[in-house]
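The values are calculated or read from the model by the stated rules, or taken from the named source; none is laboratory data. Values in this document were obtained by computation on a predicted structure and should not be read as measured data. Here the Cβ positions follow ideal geometry from the backbone for every residue, glycine too, while neighbour counts run over all protein chains shown. Note: areas computed on protein heavy atoms with side chains; ligands, DNA, RNA excluded. Shrake-Rupley method; radii C 1.70, N 1.55, O 1.52, S 1.80 Å.
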Amino acid sequence: QRWLAGDLPYRDVFDHKPPVVYAVYAVMIKCFGHTIEAIRWPTAIFSLFTTSAFALVAVSWLGWPFGWWATLLYAVFSGSPMITGSGSNAEVFMVFSLLLALWIFIKEPESKTRGSLFLVGLFSGLAVMTKQVALFNFLVYFFFLLRLENGRWKIDWRGGGMLLAGFVVVPIMIVFYFWSQGGLLALWNDMIVVNRQYLSHTPGTIWQKALYGYTVITYFANHESFLIWVLGL
């Protein structure tokens with residue numbers, strides 16, 4: 001709302017998440033108005049596209065009928081209230097980009113074309129600019145570019161370069177926009193520095209923090225998703 005009114009995110013209004021989620025909100029508010037429904041209904045429709053992207057991944061990976069069963073389970077459990085899956089959160093918008101990147105990546109399991117790797121990086125960069133934690137998903141792709149030759153591990157540097165080239169497109173566009181508006185330092189401070197300070201002030205090592213966070217998340221998820229763990233076993 002403040003962005004549409006002329007303020008610049010981070011410089012004039014504080015928050016610590018990347019700007020893509022606010023751009024999505026701005027589009028929804030601009031098109032449908034300043035109401036709760038203007039946010040929630042488009043998010044629900046967006047989630048249908050996410051479920052469709054999940055179907056592309058699941059069917060490509062698992063085939064029929066397992067891919068469609070997986071999609072049905074995703075459709076039911078991804079909207080669980082205790083993980084706020086039915087809300088208009090950054091994660092809800094982030095997952096769509098992650099799924100598109102994964103679908104493109106697994107379409108060519110034997111040989112990755114440079115064009116496809118560029119798109120994997122592009123959608124991964126979009127996901128990271130929606131929520132920072134998507135960076136870990138992106139890093140996993142580099143492990144699949146490793147190959148064993150004559151007893152030594154080597155990485156496909158050209159493929160890795162295309163991954164990185166695609167990944168930086170969205171961040172560069174965002175950096176250029178905020179630089180041109182005089183808000184680049186505020187973007188860096190709110191999105192990077194504040195989050196680093198936030199993590200540094202919580203007790204324990206990074207592994208203890210990760211274990212604590214995982215325990216809290218699974219505690220809440222198990223209240224709703226116990227059935228899916230049983231089905232997984």
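Charged side chains reduced to their Cβ positions (Lys and Arg at +1, Asp and Glu at -1) give segment 1-115 a dipole of some 140 debye around its Cα centre. For the set 74, 10, 198, the ranking by accessible area, highest first and with no ligand, DNA or RNA atoms included, is 198, 74, 10 under a 1.4 Å probe. Taken over the C-alpha atoms, segment 1-74 has Rg and Dmax values of 17.2, 51 angstrom. The phi-based Karplus calculation (6.51 cos²θ - 1.76 cosθ + 1.60; θ = phi - 60°) puts the 3J(HN,Hα) values of segment 69-81 at 5, 4, 5, 4, 5, 4, 4, 6, 8, 6, x, 4, x Hz, whole numbers, x for Gly and Pro. Orientation-averaged projection of segment 1-152 equals 11.8 nm² [convex hull of Cα atoms, one quarter of hull surface area]. Rounded to the nearest whole Hz, the Karplus-based 3J(HN,Hα) values (6.51 cos²θ - 1.76 cosθ + 1.60, θ = phi - 60°) of segment 14-21 follow the sequence 7, 7, 10, 9, x, x, 4, 5, with x at glycine and proline. Volume of the convex hull of segment 95-179 (Cα atoms only), normalised per residue: 91 Å³. Taking all protein chains as shown and a probe of 1.4 angstrom, residue 228 keeps an accessible surface of around 50 Å².
The packing ranking, built from the mean of other Cβ atoms within 10 Å per residue, places the peptides 51-57, 137-143, 202-208 in the order 51-57, 137-143, 202-208, highest first.
Length, then width, then depth: along the principal axes, the Cα atoms of segment 52-98 run 31, 20, 11 Å. Take every Cα pair under 8 Å whose residues are at least 6 apart in sequence, average their separation, divide by the length of the chain, and the relative contact order is 22 percent.
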